[in-house]
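Shown next, in structure tokens, is the structure this report addresses.
The values are calculated or read from the model by the stated rules, or taken from the named source; none is laboratory data. Since the structure is predicted, the reported quantities are computational estimates derived from the model, not experimental observations. Positions of Cβ are generated from backbone atoms using ideal geometry, with glycine treated the same way; all protein chains shown enter the neighbour counts.
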């Protein structure tokens, strides 16, 4: 611990009270390794302020003593953006005690909630007033609104409702100079200069600490219908999406699953079975929802899939007969990563390309990777309608235990090159954090890096806000 | 003309060819006064590049010679953000020759169009492929996409589709160092650092020159229904909006009109008549649209208004019997400003407060202004559902011709104070430009100004991009 850290902890400790300051290494330990277990950091202390004013005091102290801060919510990030550096030079600033839902309005369809509120808690609270916060993802039981905002999180409902960027109506944050930015009045129209809210969304805590957000809510779901369809190619899957979108506004989920992934799930995940009798090279999970009690959503989806079958867009389809079967269909999609881990070593890539280019990309990039690295199996699954798939590359069955270390980086560089050549993004929804920093630096146009650095330097000249993340 | 300007024009002239350089004062004259005729600038030349590469060359020359550039589209801005300074120190950079629609895709529902494309041209082109760009406003026949993006323009369709910020899927721009930012691949998900696209939207050309945008399109309208309702207060008008929104997704326009404004229109605008027989203190124009040919939109709106009448939310309502009558209803709304001008001197304020706070604001702020300035008439009309009204203050009938100069600033300061106290914005949709720069500087929190200046300085350290606008 350097002198600056000791002084900061001492002063912050007196300010916050004993409960909000953790210095016991055993209590710290769970929070300094990232979700995927790949990055291991260290910190002399976790500070957990309970209000934006306390955050502001900590930030001012950190600036005074030159001690970096690493903001952290649920520690569920996929790119190690909330893991402190290994040298212990930074203090972890946990938002978990800022966990109040300050207001929720059925009339305005807005919730104002603090950064440490767990996503599932917001879901439940909104539901109690007849509304819904439509963004959801696997970590909903532990991820926080501050983290979701700072990483511009996506998930499975982006097709209809967008990412956090579309759902955040306003941001409250403590800026690196300790001043408070209050964007929570959530004006629908406000043209007074550069949007600081938009700048903070997806900034991974490098421009300030988000302390609260105003979020848009939508009506609750009155009914949903889930179907599973077999298609011969990703191109046909996209044809199906276009066909559906031209005929209804109710498609909320549209997930692509290759036969290979389905086989792995059926092999490794208990209590799973294939929805369709025949074999199809590719599959699509479709979810339609409506908030209108008068719409027969199952009938609508069945009718549309019947028409798609007749037009040769799909090879077969089945509608979930009830909620349990719908959940079973989703389980097939949601356990792909788990099944892959059971099968062996897998390299995951969260990438996007323009939606129209995705079908060709999946097929061509998979072939190129498999050709360059004989024995590997490459495939893409996920959010086809967002142009965002999880492009996974599996080690050969006979791969050595250190395959990941030995060959992983080369494979990832090839995938990232292919994505960049296709005009895509090497980080569709997980962010850059530490995980993708080197690849981002390698592939981004120099002008892009220059702009990011200039903005970072302008707002955080002392470099105390989450250094070593996002900005190469 | 200083030496720097002469060199820049000479070099740019050789680069662009004679047609793209205008130095004749007579040809320049229409472009150096703002739309409202309140700001008069001067410039030694207008440069009209035809490509982003030409823009980049001009920006690099401008940086080299230290000559400021003022980007301009259709010169229809409401805050004089595209009017050059009066001392002739800046060159006008017109985007009008960059007027190609580069691509339009019915599948992707995306258009990529250059900054100088006129809004009405995009409307027509989209319509030809069965799609619609939903943002529209009075100046659609002359305003450009670059200007609309740079001012984050709104209009009458924001309720359903949002402002430009929601409709822009990607931005191409030349940054102040002459580098090109290309965000046109329009990825639906891309989490590679701070969103430069979002930073450029609404930046009024102070951070770079937007050269093209990717825009989201929606299905064309299959049917529309327009109604006029009488209500007793702005609160009841908002009740009506909530009532409708809870029952249909098809409300696209919702405009509040006070009886006083309607009276002025009926008095001054030929061929107008009141839609309702009785008198009502307030009125609402409602437009419902659908892209679904199977929906009976007129029947739906009639049914809902009938229910609202029964519940005492509205006092009366009439559905337009046909397109001509619908247009006649809209004319009553769209000619309010014209009627006010015919009546006498009027001060216009484009302001917003949180939607839920707007009904009380309209009533209370009007009363306070009329009390503080006896003889003046204050009222608000416009986009109630966006929390954005045009708060207009009319001079007393006996006012001196110089009332505007004598008392206007004091009135505006009072309105701006009331808006700020209500947590609102002194510029809801028109921007800051030159018009509101002093008031913005007076009322913004110091931290806000600091951040804007820091970002401006970071991206445009030489201060060559539209100086004197937006950033106090």
Filter pass, residue A:248 being surrounded by fewer than 22 Cβ atoms within 10 Å (Cβ to Cβ), assigned to a loop (DSSP other than H, G, I, E, B) and within 9 Å of chain B (Cβ to nearest Cβ): yes
Those residues of region A:435-455 which are at the interface with chain B (Cβ under 10 Å from one of its Cβ atoms), surrounded by fewer than 20 Cβ atoms within 10 Å (Cβ to Cβ) and under 23 Å from residue A:91 (Cα atoms), in sequence order: A:453
Qualifying residue in region A:359-368 (condition: away from every other protein chain (no Cβ under 14 Å) and either under 20 Å from the mean Cα position of the chain (by Cα) or surrounded by 24 or more Cβ atoms within 10 Å (Cβ to Cβ) (or both)): yes
Residues of region B:373-426 satisfying the condition of being assigned to a loop (DSSP other than H, G, I, E, B) and in contact (Cβ under 8 Å) with a residue 60 or more places away in the chain: B:422, B:423, B:424, B:426
Conditions (1) more than 30 Å from residue A:158 (Cα to Cα); (2) away from chain B (no Cβ under 11 Å): number failed by residue A:458: (2)
Top-ranked residue of region A:403-422 - restricted to ones that are at pLDDT below 95 and either closer than 30 Å to residue B:188 by Cβ or surrounded by fewer than 18 Cβ atoms within 10 Å (Cβ to Cβ) (or both), ranked as farthest from the other protein chains (Cβ to nearest Cβ): A:406
Yes/no for residue A:174 being within 14 Å of chain B (Cβ to nearest Cβ) and buried (at least 24 other Cβ atoms within 10 Å of the Cβ): yes
Flag for residue A:400 being surrounded by fewer than 23 Cβ atoms within 10 Å (Cβ to Cβ), out of contact with any helix residue (DSSP H, G or I) (no Cβ under 8 Å at 6 or more places or on another chain) and modelled with pLDDT under 95: no
Verdict on residue B:432 being part of a loop (DSSP other than H, G, I, E, B), within 30 Å of residue B:67 (Cβ to Cβ), in contact with a helix residue (DSSP H, G or I) (Cβ under 9 Å, 6 or more places away or on another chain) and at the interface with chain A (Cβ under 7 Å from one of its Cβ atoms): yes
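So that you can scan it fast, the table gives a plain yes or no per residue for (1) within 14 Å of chain A (Cβ to nearest Cβ); (2) over 29 Å from residue B:37 (Cα atoms); (3) assigned to a loop (DSSP other than H, G, I, E, B); (4) modelled with pLDDT under 95:
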position: B:82; (1), (2), (3), (4): no, no, yes, no
position: B:86; (1), (2), (3), (4): no, no, yes, no
position: B:126; (1), (2), (3), (4): no, yes, no, no
position: B:134; (1), (2), (3), (4): no, no, yes, no
position: B:138; (1), (2), (3), (4): no, no, yes, yes
position: B:141; (1), (2), (3), (4): no, no, yes, no
position: B:148; (1), (2), (3), (4): yes, no, no, no
Region A:181-218: number of residues that are within 7 Å of chain B (Cβ to nearest Cβ), out of contact with any strand residue (DSSP E or B) (no Cβ under 8 Å at 6 or more places or on another chain) and surrounded by 24 or more Cβ atoms within 10 Å (Cβ to Cβ): 4
Verdict on residue A:238 being within 9 Å of chain B (Cβ to nearest Cβ) and part of a helix (DSSP H, G or I): yes
Of residues in region B:314-355 being over 23 Å from residue B:227 (Cα atoms) and within 14 Å of chain A (Cβ to nearest Cβ), the one surrounded by the fewest Cβ atoms within 10 Å (Cβ to Cβ): B:354
Lone qualifier among A:52, A:100, A:96 - being within 22 Å of the chain's Cα centre (by Cα) and surrounded by fewer than 24 Cβ atoms within 10 Å (Cβ to Cβ): A:96
